[in-house]
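The values are calculated or read from the model by the stated rules, or taken from the named source; none is laboratory data. Because the structure is predicted, anything quoted here is derived from the model rather than measured. Positions of Cβ are generated from backbone atoms using ideal geometry, with glycine treated the same way; all protein chains shown enter the neighbour counts. What goes into the accessible areas is simple: the full protein's heavy atoms, side chains included, and nothing from ligands, DNA or RNA. Shrake-Rupley method; radii C 1.70, N 1.55, O 1.52, S 1.80 Å.
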Amino acid sequence: MTSAVPPAVQPAAPATVPHAAAGSGNASETPAPHASATSWNAGGTSAPHAAGETPGVFPPPLPPDSPYGPYAVYYAEPDKVTQFFGKVNRRTPRWIAPVALAGTCVAASAYVLWSNPTDGGAADTPGCLVRLTTGFDCPGCGGTRAAWYLLHGDLAAAAQHHLVFVFALPFLLYAYAVWAAGALFNKQLPKLRVSYRTLAVALGVWAVFSVLRNLPFEPFSWFYV
């Protein structure tokens, strides 16, 4: 792999000047003489050329209607790892990712229904290391039990175990539906417009909720699981 990087700025296309054809009075357009006795080679450096030789230009000039004018930016060749994952991404069908995610969610839901996490403690498998060692609920504590209650249609019990999870779940499901519709059926649904400020507020609310749910007095003790 070559390490030479072409120049970031390329010269404009050589200008043309009228040139009288031999033996006639008609003018034809031919490339204008080059300003110097150098031409661009593949490494992006200048190299001398023979007398009378038309100098080459590398990289080739951009079209006249290009929004960048006579200038262009060239990037270095990606590394082998980036090339490998790019090739895998191009050769992988679009429908595989949403189908794989849906299958994973179905398998996880089946496991939650089978294991019934509502009758277990922090030391049971799978357990919470934060709850087991400190006695406090971590930011994700109660999410599995909330999913179990949602699968049984008990919205109030699910909200008690993890209110933020219950609130965010419809948005997550809709975001998945938009992605899957585009990947599977090439259908564009209205997308959720989530700004960085909205995302920061959501994370802040989750952090505050994680603290308030561990307070040992009403009404916050209602969220303690």
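Here are some notes:
- Selection status of ASN214, polar (S, T, N, Q) and closer than 30 Å to ALA100 by Cβ: no
- Qualifying residues in the stretch 201-225 (those that are under 22 Å from LEU172 (Cα atoms) and open to solvent by 60 Å² or more (accessible area, probe 1.4 Å)) - the one farthest from the chain's Cα centre (by Cα): VAL208
- Consider the stretch 173-198 and keep the residues that are surrounded by 11 or more Cβ atoms within 10 Å (Cβ to Cβ) and among the small types (Gly, Ala, Ser). The one that is nearest to LEU101 (Cα to Cα) is ALA180.
- Note on the stretch 132-153: residues that are at pLDDT 90 or above and either aromatic (Phe, Trp, Tyr) or surrounded by fewer than 14 Cβ atoms within 10 Å (Cβ to Cβ) (or both) total 5.
- Check on TYR196, in contact (Cβ under 8 Å) with a residue 12 or more places away in the chain and of a type in the set (Ser, Thr, Tyr): no
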